[in-house]
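Peer 1: Dumping the structure here so I can ask a few things about it.
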Amino acid sequence: MIEATLVRAKAGDGEAFRELVEPYRGELLAHCYRTLGSVHDAEDMLQEALLAAWLSIGQFDGRALRAWLYRIATNRCLNYLRGESRRPRRAGLPERGAGVPAPSSADEPWWLEPYPDVLFDDATPGPEARYDARESIALSFVAGLQRLPPQQRVVLVLRDVLGFTAAEAAGILDVGPAAVNSALIRARASLQPGREPHEVPLPKSPAEAAVVDRFVDALERFDLDSLVALLTDDARLTMPPESRQFRGPQQIAGFLAELPFWGGELKVVRTRANNQPAFVYYVPDPCAQIWRVGSIMVLTLRGGRVSAVTRFGDVGLLARFGLPRTMPRD
């Protein structure tokens, strides 16, 4: 069946080509996202990779289609990372209100974007994978990857996330297995440890839902004391693409209390990003009977509390979550 489809694709049948690559589209998009940290960039690189695959399908030997597609997508991502000028510049920082506690500088990659769970294709990793699906798409893990040099980053993803063997990864990158193993050792040593799986409630579990319920309830009631009680002592709030961050429950609560909507009205719509709980909040429009989007917040949980809040103000991300920018007020 696949052989016949490949023959049709090599003969110029675009529909046959789509049949060949569609089963891999989701996992390839996740691969590009892990490598680049941005859904927008990942989508662009996947499109370039699929176009390159279509243009070169005549040279494909018919063996290891998945590895062949990963080779093209990985090298497109590496080429992108070599041309840093293609990334937009960091956004300027807004003025801080008088009552807002002084932030510190965040070490988060400023281009980091949330990855909607609806896009995540939980492909079965190979036997050499070291991370499960939950860990491999977590916001903290993706952020950690961005701090690695590009070659180390893609080697770690290919080997420890996707489970390719050293020989397979070497074939994808067109280097020797020794180079792959060397890069992997350096990447593992440099990557900061992520969350301990046993400390994090299972996704969509009652334990996770209970923490999120309490957080959202406190936010909707503008209850600072309850919010503070839900945050771990080392909790932090970051706001890519801004460089500032707030550390500790008191700083985070102080920042939230200075937001324009605080003490007024708020509508919260729950969603999921990076296999973590998330929500979008809406505020009343002063000139119309509608709710207008504020931002997206992704929660990182640990031990029954919230250890990180990542706030994304780019409302252009909403479309990927299937959510509108405005809603009518009843």
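Every number in this text was worked out from the coordinates using simple rules, so none of it is lab data. Since the model is a prediction, treat every value here as computed from it, not as a measurement. Cβ: placed from backbone, ideal geometry, glycine included. Neighbour counts: every protein chain shown.
Peer 1: Within 10 Å, count the other beta carbons around each residue, average over each peptide in 29-36, 213-220, 7-14, and list them highest first.
Peer 2: Ranked from most to least packed, the peptides come out as 29-36, 213-220, 7-14.
Peer 1: Measuring from label point to label point, each 7 Å out along Cα→Cβ, what is the residue 2 to residue 22 span in nm?
Peer 2: Going by the 7 Å Cα→Cβ label model, 1.7 nm.
Peer 1: Let me ask something additional. Net charge near residue 326, counting Lys/Arg +1 and Asp/Glu -1 over other residues with Cβ under 9 Å of its Cβ?
Peer 2: Overall, the nearby charge balance is +1.
Peer 1: Which distance in nm do the two modelled labels at residue 257 and residue 44 give, with both placed 7 Å along the Cα-to-Cβ direction?
Peer 2: Rounded to a tenth, the inter-label distance reads 4.1 nm.
Peer 1: Related question: Counting only C-alpha contacts under 8 Å and six or more residues apart, can you give the relative contact order of region 26-88 as a whole percent?
Peer 2: After rounding, I find 37 percent.
Peer 1: Could you give the length gained by full extension between residue 234 and residue 189, i.e. 0.36 nm per residue of separation minus their alpha carbon distance, to one decimal place?
Peer 2: 13.8 nm
Peer 1: To continue, here is another question. Defining a contact as two alpha carbons under 8 Å apart and six or more residues distant in sequence, what relative contact order in percent does the chain show?
Peer 2: Normalised by residue count, the contact order of the chain is 16 percent.
Peer 1: Also, quick follow-up: Using per-residue counts of other Cβ atoms within 10 Å, averaged over each peptide, order 307-320, 151-164 from highest down.
Peer 2: Order by mean packing, descending: 151-164, 307-320.
Peer 1: Please give the length that would be gained between residue 64 and residue 111 if that part of the chain were fully extended, namely 0.36 nm times their separation in residues minus their C-alpha to C-alpha distance (nm, one decimal).
Peer 2: Fully extending the segment from residue 64 to residue 111 adds 13.6 nm.
Peer 1: Next up: Search the structure for amide H atoms under 5 Å from the amide H of residue 271, placed 1.01 Å from N in the peptide plane, and list their residues when 5 or more places away or on another chain.
Peer 2: 278, 279, 280
Peer 1: What's the FRET efficiency of residue 82 with residue 181 using the Cβ-Cβ distance as r and R₀ = 22 Å, to the nearest 0.05?
Peer 2: Efficiency, rounded to the nearest 0.05: 0.45.
Peer 1: Add +1 for every Lys or Arg and -1 for every Asp or Glu among the other residues with Cβ under 13 Å from the Cβ of residue 285, and state the total.
Peer 2: Local charge sum for residue 285: +3.
Peer 1: Within a Cβ distance under 12 Å of residue 75, other residues only, what is the Lys/Arg minus Asp/Glu net charge?
Peer 2: +1
Peer 1: Oh, and also: Along the Cα→Cβ direction, 7 angstrom out, place labels at residue 15 and residue 217. What is the inter-label distance in nm?
Peer 2: 5.4
Peer 1: Charges only on Cβ, +1 for Lys and Arg, -1 for Asp and Glu: so what's the dipole of the chain about the Cα centre, in debye to the nearest 20?
Peer 2: It works out to roughly 580 debye.
Peer 1: Let me ask something else about it. Can you tell me the relative contact order of region 197-294? Whole percent, Cα pairs under 8 Å, sequence separation 6 or more.
Peer 2: It rounds to 17 percent for region 197-294.
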